[in-house]
Amino acid sequence: MAQSTRKVPLTEVLRVDPTRPDPEIIARAAGCLRDGGLVAFPTETVYGLGAHARDPDAIRRLFEAKGRPAHDPLIVHVASLEQVEQVAAAVPEMARALAARFWPGPLTLVLPRGDAVPREVTAGLETVGVRVPSHPVARALLEAARLPIAAPSANLFSRPSPTCAAHVLHDLEGRIDMVLDGGPTTVGVESTVIDLTGDVPTVLRPGAVSLEQLQDVVPTAAAAGPGAFGPSAGRKEGAAPSPGLLPLHYAPRTPLVLYRGRANAVRDAILDEARDALARGERVGILATAEDAQALRPLPVVIAELGPEHDVERVAARLYAALRDLDGSGVDVILVRDFSRERGLGRALRDRLERAASAIRVV
Ligand code: TXA
Ligand code: MG
């Protein structure tokens, strides 16, 4: 126990070229992981906080550094499909087909847990989430460490995932050993998690790979039923199929109100609410598409702009940074028009907005 409360006085920040990382820096980070240390590194989705997946002490320290409850399982990152066999008890044909299409990349497969994976990693579950990331820094680290690396997003529990090294340091400086700073991540939302251990392949967390893309390979793939994710998920202990999918999982500290309804009615409602709040002397933040931001300019509010509404990739890449910006700007409330769609990457955006919201208002 004494070991698991070990203090890490200083967090070392090492810059790396995101496309061709310096092997010496990677070797240092790999050594740190092999010694049981905690290393944050960029993946194509968000920054991960890595620990040696077969070292239960390192895993305990990882949970502690994040303030993450022990019932929330970690994703194990590996270098290749061959390595999956070291962490999963079985690799079904469907997993191989999905891996062939989407790996390396932002898809996590939930498979039967292999004996080599300590229960601390899987939060006691008999399944394990595995993925092969595509980011050159993550790949170089996995190859140099020659270990499976357990890595949740490198944020404090329930805060928005980090999309750059500054976000990681904001949450975890002094609590982890090292950050590999490879600049901003490109995708900006987390991997899609699909459970292949049940009768129906089920998406537990919508993410960077869309349901439609998955169904191209596995036509029977389905989204988890209503309530499996979204604000009501996980309210009852053990009720959620993916134990990490708790409400307010990606939330800023500032109350966030998500508005739904016809776009123009919602725009009007947000304007009304912003004016009322300003009249009460409150500071107002608005998370807005480029088009909405334009219309809001005359108001004395803090606007975090996401990009053009049609450019879903760009919006996704900006989302968490924009939430953190607003959170840090000292506003009393954040207002958001739900601009997401029920298809493609839009599903992931909808899910993250719902989770970030402390209230949803239908107008
Ligand atoms: O893009 C990502 O997935 C990032 C990067 C760092 O790889 N990682 C990430 O990890 O988002 P984390 O721990 O923040 O989210 C992992 C999600 C949680 O919702 C967790 O419940 C789910 O994956 N998960 C992990 N193992 C699982 C399992 N065996 N069964 C069901 N869900 C699982
Ligand atoms: Mg996370």
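The values are calculated or read from the model by the stated rules, or taken from the named source; none is laboratory data. All of these numbers come straight from a predicted model, not from anything done at the bench. Counting neighbours? That spans all protein chains shown, and the Cβs are built from the backbone with ideal geometry, glycine included. Areas reflect the complete protein model, heavy atoms only, side chains present, ligands, DNA and RNA absent. Shrake-Rupley method; radii C 1.70, N 1.55, O 1.52, S 1.80 Å.
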One residue is enough: does the stretch 157-174 have a residue meeting the conditions away from ligand 1 (no atom under 11 Å from the Cβ) and farther than 30 Å from S358 by Cβ?
no
On the basis of being within 12 Å of ligand 1 (Cβ to nearest atom), within 25 Å of E354 (Cα to Cα), open to solvent by less than 10 Å² (accessible area, probe 1.4 Å) and not in a loop (DSSP other than H, G, I, E, B), does L142 make the cut?
no
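How many residues, within the stretch 275-327, are of a type in the set (D, E) and crowded, with 19+ Cβ neighbours inside 10 Å? Spell out the reasoning first.
First, pick out the residues of the stretch 275-327 that are of a type in the set (D, E): 276, 282, 291-292, 305, 309, 311, 313, 325, 327.
Still in the list and also crowded, with 19+ Cβ neighbours inside 10 Å: 292, 305, 327.
Final tally of qualifying residues: 3.
Considering every residue within the stretch 162-169, establish whether at least one is touching a residue at least 12 places away in the same chain (Cβ under 8 Å), under 24 Å from G37 (Cβ atoms), open to solvent by 30 Å² or more (accessible area, probe 1.4 Å) and not β-branched (V, I, T).
Initial filter on the stretch 162-169 (touching a residue at least 12 places away in the same chain (Cβ under 8 Å)): 162-165, 167-169.
In the following step, the residues that additionally are under 24 Å from G37 (Cβ atoms) were identified as 162-165, 167-169.
From the residues that got through so far, the ones that are open to solvent by 30 Å² or more (accessible area, probe 1.4 Å) too are 164, 169.
Among the residues that remain, those that are also not β-branched (V, I, T) are: 164, 169.
Yes, the stretch 162-169 contains a residue that is touching a residue at least 12 places away in the same chain (Cβ under 8 Å), under 24 Å from G37 (Cβ atoms), open to solvent by 30 Å² or more (accessible area, probe 1.4 Å) and not β-branched (V, I, T).
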Going through the stretch 208-220 in order, the residues found to be of a type in the set (G, A, S) and either surrounded by fewer than 22 Cβ atoms within 10 Å (Cβ to Cβ) or over 15 Å from L98 (Cα atoms) (or both) are S210
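Can D55 be described as closer than 25 Å to D195 by Cα, among the acidic types (D, E) and away from ligand 1 (no atom under 15 Å from the Cβ)?
On the way: closer than 25 Å to D195 by Cα: yes; among the acidic types (D, E): yes; away from ligand 1 (no atom under 15 Å from the Cβ): yes.
Judged against the criteria, D55 is a match.
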Residues of the stretch 20-52 that turn out to be of a type in the set (A, V, I, L, M) and closer than 29 Å to D195 by Cβ, as a count
7
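In this structure, does V179 turn out to be within 27 Å of A356 (Cα to Cα), hydrophobic (A, V, I, L, M, F, W, C), open to solvent by 10 Å² or more (accessible area, probe 1.4 Å) and not in a helix (DSSP H, G or I)? Walk me through it before giving the result.
Working: within 27 Å of A356 (Cα to Cα): yes; hydrophobic (A, V, I, L, M, F, W, C): yes; open to solvent by 10 Å² or more (accessible area, probe 1.4 Å): no; not in a helix (DSSP H, G or I): yes.
Spelling it out, it is not the case that V179 is within 27 Å of A356 (Cα to Cα), hydrophobic (A, V, I, L, M, F, W, C), open to solvent by 10 Å² or more (accessible area, probe 1.4 Å) and not in a helix (DSSP H, G or I).
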Restrict the check to the stretch 180-188 and report whether at least one residue is within 12 Å of ligand 1 (Cβ to nearest atom) and either out of contact with any helix residue (DSSP H, G or I) (no Cβ under 8 Å at 6 or more places or on another chain) or more than 21 Å from G346 (Cα to Cα) (or both).
no
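If we only count strands (runs of 3 or more DSSP E) wholly inside the stretch 28-107, which ones have 3 or more residues that are touching a helix residue (DSSP H, G or I) at 6+ places or on another chain (Cβ under 7 Å)?
Working: elements: 39-42, 47-52, 75-77.
Those strands (runs of 3 or more DSSP E) span 39-42, 47-52.
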Condition test on L156, is it open to solvent by 20 Å² or more (accessible area, probe 1.4 Å) and not β-branched (V, I, T)?
yes
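Inspect the stretch 89-102 for any residue being over 20 Å from P21 (Cβ atoms), within 14 Å of the chain's Cα centre (by Cα) and open to solvent by 30 Å² or more (accessible area, probe 1.4 Å) and give the result as yes or no.
Within the stretch 89-102, the subset over 20 Å from P21 (Cβ atoms) is 89-102.
Pick out the ones that are also within 14 Å of the chain's Cα centre (by Cα) and you get none.
No, the stretch 89-102 contains no residue that is over 20 Å from P21 (Cβ atoms), within 14 Å of the chain's Cα centre (by Cα) and open to solvent by 30 Å² or more (accessible area, probe 1.4 Å).
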Could you go through the stretch 66-85 and let me know if any residue there is free of Cβ contacts under 8 Å to residues at least 12 places away in the same chain and more than 25 Å from V128 (Cβ to Cβ).
no
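Just to verify a result, which residue in the stretch 58-88, among those that are open to solvent by 40 Å² or more (accessible area, probe 1.4 Å) and more than 11 Å from ligand 1 (Cβ to nearest atom), is modelled with the lowest pLDDT? Steps first, please.
From the stretch 58-88, those open to solvent by 40 Å² or more (accessible area, probe 1.4 Å) are 60, 64, 67, 70-71, 81-82, 85-86; that's our starting set.
Now narrow it down to the ones that are more than 11 Å from ligand 1 (Cβ to nearest atom): 60, 64, 67, 70, 81-82, 85-86.
Values: R60: 97, E64: 97, G67: 95, A70: 90, L81: 95, E82: 95, E85: 95, Q86: 95.
The extreme case among them is A70.
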Filter result for P42 (surrounded by fewer than 17 Cβ atoms within 10 Å (Cβ to Cβ) and within 15 Å of ligand 1 (Cβ to nearest atom))
no
